[in-house]
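Here is the structure we will look at.
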Protein chains: 2
Amino acid sequence: MTVIGTNVPRIDGVEKVSGQGLYAGDLRLPGMAYAKVLRSPLPHARVGRIDVSKAAALPGVVAVVSRDNLNVASNAFGAYVRDQQVLATDKVRYVGDMVAAVAAVDEARAEEALQLIDVEYEELPAVYTIDEALRENAPLVHENLAGRKDPHYGRGGAHIVHDRSNICFHFRHQRGAVDQGFRASDFVFEDTFSFPSAQHYPMEPHVCVAQFDGEVLQVWSATQSPFPVRQELARVFDLPFSAVRITVPYVGGGYGAKSGIKTEGIAACLSRIAGRPVRLAFNAEEAFKTICQPRAKMAIKTGVKKDGTFVARQCQVYLNGGAYANSGPSVTEKAGYRAHGPYRIPHVLTDSYSVYTNTVPAGAFRGFGGPQVAFAYETHIDMIAQRLDMDGYEIRMKNLLERGESFAEGDTPIDCDLKAGLKRIAEAVGWQSKEQNNGPAGSKRKGIGIATAVKDGGGTNKPANAVVKIFNDGSALLSTGSVEIGQGMRTAFLQVVAEELAMPPERVRVAALDTHYTPFDKGTNASSATSIMGQAVQKAAQDARGQFLAAAAAVLHASISDIRLDNGMVVCGEQKLSFAEVMQRHFRDTEGEIWGRGFFKFPRDDNVPLGCPSPFWEIGLGAAEVEVDCETGQVKILRYVSLTDAGKMIHPLQCHAQDEGAAVFGLGQALFEDLIYQGGQLVNGSLVDYRLPRFDDLPESFTTFIMEGGGGPGPYGAKGMGEGGILAVAPAVANAVHNAIGTRIQAVPLIPEVVWKEIIKIKSV
Amino acid sequence: MTVIGTNVPRIDGVEKVSGQGLYAGDLRLPGMAYAKVLRSPLPHARVGRIDVSKAAALPGVVAVVSRDNLNVASNAFGAYVRDQQVLATDKVRYVGDMVAAVAAVDEARAEEALQLIDVEYEELPAVYTIDEALRENAPLVHENLAGRKDPHYGRGGAHIVHDRSNICFHFRHQRGAVDQGFRASDFVFEDTFSFPSAQHYPMEPHVCVAQFDGEVLQVWSATQSPFPVRQELARVFDLPFSAVRITVPYVGGGYGAKSGIKTEGIAACLSRIAGRPVRLAFNAEEAFKTICQPRAKMAIKTGVKKDGTFVARQCQVYLNGGAYANSGPSVTEKAGYRAHGPYRIPHVLTDSYSVYTNTVPAGAFRGFGGPQVAFAYETHIDMIAQRLDMDGYEIRMKNLLERGESFAEGDTPIDCDLKAGLKRIAEAVGWQSKEQNNGPAGSKRKGIGIATAVKDGGGTNKPANAVVKIFNDGSALLSTGSVEIGQGMRTAFLQVVAEELAMPPERVRVAALDTHYTPFDKGTNASSATSIMGQAVQKAAQDARGQFLAAAAAVLHASISDIRLDNGMVVCGEQKLSFAEVMQRHFRDTEGEIWGRGFFKFPRDDNVPLGCPSPFWEIGLGAAEVEVDCETGQVKILRYVSLTDAGKMIHPLQCHAQDEGAAVFGLGQALFEDLIYQGGQLVNGSLVDYRLPRFDDLPESFTTFIMEGGGGPGPYGAKGMGEGGILAVAPAVANAVHNAIGTRIQAVPLIPEVVWKEIIKIKSV
């Protein structure tokens, strides 16, 4: 292979670093108005009269919209449960819930108009935490939710609906008989853990420009899921798909935040009223009030033999889903499915719940429930080892699934060598030489921790389509529905096409995404681009190649088997033609294009209980060395080793960058990030108050190892690997902190205050 | 048929009348700079030193470009002869030739910077008229034109290249032996005619926005020929087609002006230098200096029998092509090919020349050489009738080609009933009751004139591709490379798709044009959209229909023959499903789209001399009643009857609007329009000075008859008909003026000054 495995220049590199890349927020259409949204100041309230008359009368205001003039066929939307409204109708359910919107000649005028809207609220009692929400007779966030009864998906396990409660969704997963397993165990240990709610924090908040004349709705949107957005908008406005066009310019980061409709519905309503295009751009503080990672509360109970062999595990996972379901049910299912970890455990029972509260809605977030449960099971395993007086490395090696072993009945077997990975990171971090509670109290102490985690990757039952065109000059263009959200997918796809067509990479380009033109796709998520869409891309390129070879054979009066493609040339014995010459001779004066099509879907297997096996296993192994300042409680990561498996690296540089990026996400959640509420008000939801990892927080020694186990469903054995790196960070760091200071903290983030309090406890003992 | 032949609402109607339709000039990209072009003040000069240093130093200027820093692989372009430069290199060849360009933060700053560019010119002797250009030892507009020797096309007749002359192109067409024909005639009459150079005058002048980072060139352009523009830009900048993306928003009129590159090359150069997108919008005065209709000088010599039967005709057509060939060679060929008119003439010899002069380049213009020669042969026939003391109607009826007769050897036979058309317009205008030289001298006089003309329509050897998608909700989207330039083509195509898919028209939409996505096309011209592309559209819809029926059959467990599509429903016996239900059941959880493809090319016939027969005959018959004010010479058209043949009207309202629009073009050329030069300076090239028809110039009685002869190659027998209406206006009006005042004017426009001088001559006799 000549292109695969090389670091070709990023296709969007020059455009982006020179500032020329076009983002949705960059668009300026003639007559375009600017929108702002009025949000609920209360966490839970019935909405009375909405008086927009003063706002509408403000000069410069071109449209005001509320539930009273929405004019939609359906005001309910949601990927899994249709519990959300374009604008609030009867109730607001969290501080930030959207009530009304204004479009004006500029943002300042729109902002001014918002102040003139009078909304009558009747405040209701609210619930913020999982405990509050599940208390008997707790106020209900949603009283009546027809849609909840039929979540239109359902992979594996079982989903159970609880009427008249704040439980949005309940997933159960089991194998064996867990009670029997506990009885057969020598010891049973149970621990509880909690994990914070984080913000996705993409550089670019939610933004769109909508143009809607009542007949045709065109939206330029920063979305990860343009086709589902089309579907929702078509339903909301009762339009045919052909009359809804979603164009996706470059997207400034997604991480799960940009799935489903966010700004699009409101902008469309305003545009129709105003008779002009409307731009709705949330600012960073509004992004904090739009979507977040679900906060988790977890309990794990494990039965083990004396030698550390796992026998049974029961998990309870509660995710705080906030006010609206969003992708929460799916996250809940995935968190539950993954909660027992990559270990050989005969008996498993997991219950996973998504719980409605009067806080910011939670949904898809890089890792998709994986980081929460990995923190729980990888801290828990260290605690078990400690209780059995075993080494954390040894107990993992004893129980880890081998390549080919089953994670869950009927699912794809583990597709890489976890033990080899664990060995490698343990060596790299110096596991063997670590000391317990090193250094004298009061000074800085060092510690080492490791963690091993997996998540099922590639999404469930995800179809992928691609088109590869060869133009009349012999150059090629790829079109797929995967969104370039910064992950570098277009460059990887370009390499696949160039490889299959034996064409110099610079002759291959990737088309922009437009639902009118791009073949159908379900959204860019679950590390599916390279691995799942990549297959469709490869097949489309092969289809184009086949047609091109047939054309070349006809042109050269040769048989296809005698023709070889080599670096943009068609070689047949002594004859050598450029691709352009073949195309031109083939199509002659009509000119023409070859269109190759590719479709891929990871094979469904109706004979297994899960129905849709996981396309691959995305792995994340991490080893951290930390230094804890016992005076201040500050944790500094000195060394971090991340390891994942790419199956086959299409573009090694990008693979390493993905893994580094994922690890930095994990680092933030391990040490800093958490959305803090007081009385339902989010108090740190701003660029100033929300603490993210900075460059000086990065470990001095930061290594990413990437295995190429070849076990992926993607082209040349590739697997998705952009989320794995996040999984192991929090437990590896927490385990290292325990190693350093000798006390166990079962919650992240490990902010100095928390760590310092634990140190004080030890000192005071 | 339920949709074809009805006046469905225009698909772009609401968008355009509400001002929301997006045109290229509406686009605002982040950091976009505005360009202006420095043009030659001299008609012919050698370009010496170009000093841009002062301009480049002006604050706010972000790029200055001239031949010295163009940085192109090829600075020569042209559809037929590569005689034009992105910016002038060694010579300027007309007043307005482009020498340098500036991009700045706004247009005013760019304009200011232009004044600071110093260009040294060494003036050369110039030629402006055909006579001057053909004089012996005339100054050569192009001294050395390698490209001219190999015009890369050539349908029929012969093209002859004259080296070291100002003849750009020479086309000869003959049948029989014209000398022998003249000898066999009873009379031989010869007359000369001239026809003005007009401006296309689209509402929207040439405009584009280009973004070029050196690797990928994206252009939003108001062009009629996006794929040829892509090809030219790829060649100029040495880029693969896949790295050149042309997007065509709505276009505010074309009429031939918007073929080939105009603003795109300069904007791309400036964008690359500035590192940001650049908008180059010509103003109306610059449009006058960009492209025009070729001025014509014609001689026709006809041999007739005493009874008026035509025996032989020799034509000489000289077109003033201006400084660059543009589409001139093709116009020249077409003018020559059509010059003998739709008559049965055994012996024909035509020589047609395109001549370089130091005036604005001339090229494609609605009618494409047809109006010029139709004026000549339809005035000439009246003059012959007068000399033979025959009726103008009778002599036409005697010689007109019947349906099925041959216009030229090997070409498609005449495909409609010209005589029936002539009969109809003669009756409508009251031909039988007309008087000769009615009314007393000095007062207002009325007259009636008729004319009959044809042009070969649909273009030569034009391939057409279309894609029709059926989305998962059962709605449909069409994609074709035909440009909506206001002619209503998208609505007609929508009807074809709706008809073939038995779907309500509002479920069908037409995609925007983008060379990355839209299937290949050669440009929107020659009245080819409905007739040629329409066939590809129909085939694509039928392909989609076939796939959809197969899916429905599988879903319904029925055979395709038992299934009927009816108004968006799939009917099979008692069963009735919506399109959406069929799609959803067929694709199940993968969702999906049906892609239907269609290709059409009017069959080539290598056995006939012309190689590529004309797809159809576009006809234009006109009858005018005029009133001439003998005091002022002003001609007023009281009544105008236009007749054409649509084969089958897809959208009757649009057909009539097309024919009315074409007739108004003809009216302008008959009475007002002419580009006037003094010493090489165009003196009336502005919105104020150039006289166009106004609403109060329209005839009080204005009728368009449209025959449906069914003879077209398009869907349901449709033919193109947007140019026919222009052909007969000038001769019908001139013949009417002769009928009114008894004197013959062999040139248009019939401006009051010219007519008054003729009246004075009669009076003074």
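Of the residues A:THR524, A:THR530, A:THR590, which single one is of a type in the set (Ser, Thr, Tyr) and touching a strand residue (DSSP E or B) at 6+ places or on another chain (Cβ under 7 Å)?
A:THR590
Is it the case that segment A:185-196 has a residue that's among the β-branched types (Val, Ile, Thr), more than 14 Å from every other protein chain (Cβ to nearest Cβ) and either in a strand (DSSP E or B) or out of contact with any helix residue (DSSP H, G or I) (no Cβ under 8 Å at 6 or more places or on another chain) (or both)?
To start, the set of residues in segment A:185-196 that are among the β-branched types (Val, Ile, Thr) comprises A:188, A:192.
Filter once more, so that each one left must be more than 14 Å from every other protein chain (Cβ to nearest Cβ): A:188, A:192.
Subsequent filtering for residues that are either in a strand (DSSP E or B) or out of contact with any helix residue (DSSP H, G or I) (no Cβ under 8 Å at 6 or more places or on another chain) (or both) retains A:188, A:192.
Within segment A:185-196, one or more residues are among the β-branched types (Val, Ile, Thr), more than 14 Å from every other protein chain (Cβ to nearest Cβ) and either in a strand (DSSP E or B) or out of contact with any helix residue (DSSP H, G or I) (no Cβ under 8 Å at 6 or more places or on another chain) (or both).
For segment A:516-528, the set of residues classified as at pLDDT below 95, open to solvent by 10 Å² or more (accessible area, probe 1.4 Å) and within 12 Å of another protein chain (Cβ to nearest Cβ) consists of A:LYS522 only.
Which condition does B:TYR201 not pass, out of (1) within 14 Å of another protein chain (Cβ to nearest Cβ); (2) within 25 Å of B:GLY322 (Cβ to Cβ), if it passes all the others? Going through the list (1) within 14 Å of another protein chain (Cβ to nearest Cβ); (2) within 25 Å of B:GLY322 (Cβ to Cβ), B:TYR201 breaks only (1).
Does segment B:667-681 contain at least one residue that is within 21 Å of the chain's Cα centre (by Cα), modelled with pLDDT of 95 or more, surrounded by fewer than 19 Cβ atoms within 10 Å (Cβ to Cβ) and closer than 22 Å to B:ALA747 by Cα? Step through it out loud before you land on a result.
Step one: of segment B:667-681, the residues within 21 Å of the chain's Cα centre (by Cα) are B:667-675.
Keeping just the survivors that are modelled with pLDDT of 95 or more gives B:667-675.
Those left that are additionally surrounded by fewer than 19 Cβ atoms within 10 Å (Cβ to Cβ): none.
Within segment B:667-681, not a single residue is within 21 Å of the chain's Cα centre (by Cα), modelled with pLDDT of 95 or more, surrounded by fewer than 19 Cβ atoms within 10 Å (Cβ to Cβ) and closer than 22 Å to B:ALA747 by Cα.
For segment A:268-285, filtering for residues that are in a helix (DSSP H, G or I), of a type in the set (A, V, I, L, M, F, W, C) and either in contact with a Lys or Arg (Cβ under 7 Å, 6 or more places away or on another chain) or within 24 Å of A:GLY328 (Cα to Cα) (or both) leaves 1. So which residues in segment B:502-515 are open to solvent by 10 Å² or more (accessible area, probe 1.4 Å), touching a helix residue (DSSP H, G or I) at 6+ places or on another chain (Cβ under 8 Å) and within 24 Å of A:ILE470 (Cα to Cα)? Within segment B:502-515, just B:VAL510 meets the criteria. Residue count for segment A:99-118 satisfying the condition of being open to solvent by 30 Å² or more (accessible area, probe 1.4 Å) and not in a loop (DSSP other than H, G, I, E, B): 6.
Taken across segment B:428-436, residues that are without any contact (Cβ under 8 Å) to a residue 60 or more places away in the chain and not charged (D, E, K, R) do occur, with at least one present. Checked against the criterion of being touching a residue at least 12 places away in the same chain (Cβ under 8 Å), over 26 Å from the mean Cα position of the chain (by Cα) and loosely packed, with under 15 Cβ neighbours inside 10 Å, segment B:3-23 has no qualifying residue.
Hand me the list of strands (runs of 3 or more DSSP E) wholly inside segment A:441-486 holding 3 or more residues that are more than 13 Å from every other protein chain (Cβ to nearest Cβ) and closer than 30 Å to A:PRO752 by Cα. Before you say what the answer is, go through the steps one by one.
Values: elements: A:444-457, A:464-470, A:476-480.
The strands (runs of 3 or more DSSP E) meeting that bar are A:444-457.
So, of the residues in segment A:119-156 that are modelled with pLDDT under 95 and hydrophobic (A, V, I, L, M, F, W, C), which turns out to be most open to solvent (accessible area, probe 1.4 Å)? Checking each candidate, the answer is A:ALA146. Applying the condition of being basic (Lys, Arg) and touching a residue at least 12 places away in the same chain (Cβ under 8 Å) to segment A:565-603 and asking which residue is farthest from B:PRO240 (Cα to Cα) yields A:LYS601. Within segment A:268-284, being within 14 Å of chain B (Cβ to nearest Cβ) and open to solvent by less than 20 Å² (accessible area, probe 1.4 Å) holds for A:ALA268, A:LEU270, A:SER271, A:PRO277, A:VAL278, A:ALA281. Does at least one position in segment B:557-571 carry a residue that is under 27 Å from B:PRO519 (Cα atoms) and β-branched (Val, Ile, Thr)? No - not one qualifying residue is present in segment B:557-571.
Listed here are the residues, each with its yes/no results for (1) more than 23 Å from B:SER527 (Cβ to Cβ); (2) without any contact (Cβ under 8 Å) to a residue 40 or more places away in the chain; (3) not aromatic (Phe, Trp, Tyr).
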position	(1), (2), (3)
B:ALA268	yes, no, yes
B:PHE288	yes, no, no
B:ILE291	no, no, yes
B:LYS301	yes, no, yes
B:GLY308	yes, no, yes
B:SER327	no, no, yes
B:VAL331	no, yes, yes
B:GLY336	no, no, yes
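Considering only segment B:489-501, state which residues are within 15 Å of B:LYS469 (Cβ to Cβ) and either open to solvent by 10 Å² or more (accessible area, probe 1.4 Å) or facing another protein chain (nearest Cβ under 9 Å) (or both). If the condition is that a residue be within 15 Å of B:LYS469 (Cβ to Cβ) and either open to solvent by 10 Å² or more (accessible area, probe 1.4 Å) or facing another protein chain (nearest Cβ under 9 Å) (or both), then B:GLU500 is the only one that fits. B:VAL664 meets the stated requirement of being within 30 Å of B:VAL3 (Cα to Cα) and free of Cβ contacts under 8 Å to residues at least 40 places away in the same chain. Candidates are the residues of segment B:221-264 that are more than 11 Å from every other protein chain (Cβ to nearest Cβ) and assigned to a strand (DSSP E or B); the one that is farthest from A:GLY19 (Cα to Cα) is B:TYR250. The criterion of at least 3 residues that are among the small types (Gly, Ala, Ser) is met, among helices (runs of 4 or more DSSP H) falling completely within segment A:327-440, by A:328-338, A:370-388, A:418-429. If the condition is being within 27 Å of A:PRO329 (Cβ to Cβ) and open to solvent by less than 10 Å² (accessible area, probe 1.4 Å), then segment A:171-184 contributes only A:PHE171. Residues that are of a type in the set (A, V, I, L, M), at pLDDT 85 or above and out of contact with any helix residue (DSSP H, G or I) (no Cβ under 6 Å at 6 or more places or on another chain) occur in segment B:450-466; there is at least one. Of all the numbered requirements in (1) in contact with a helix residue (DSSP H, G or I) (Cβ under 9 Å, 6 or more places away or on another chain); (2) surrounded by fewer than 24 Cβ atoms within 10 Å (Cβ to Cβ); (3) over 29 Å from B:LYS444 (Cα atoms), B:PRO693 misses one, and that requirement is (3).
The values are calculated or read from the model by the stated rules, or taken from the named source; none is laboratory data. This one's a predicted model, so the numbers in the text were calculated from it and none came from an experiment. For neighbour counting, all protein chains shown are included, and Cβ atoms are generated from backbone atoms with ideal geometry for every residue, glycine included. Note: accessible area is taken over every heavy atom of the protein model, side chains too, but ligands, DNA and RNA are not part of it. Shrake-Rupley method; radii C 1.70, N 1.55, O 1.52, S 1.80 Å.
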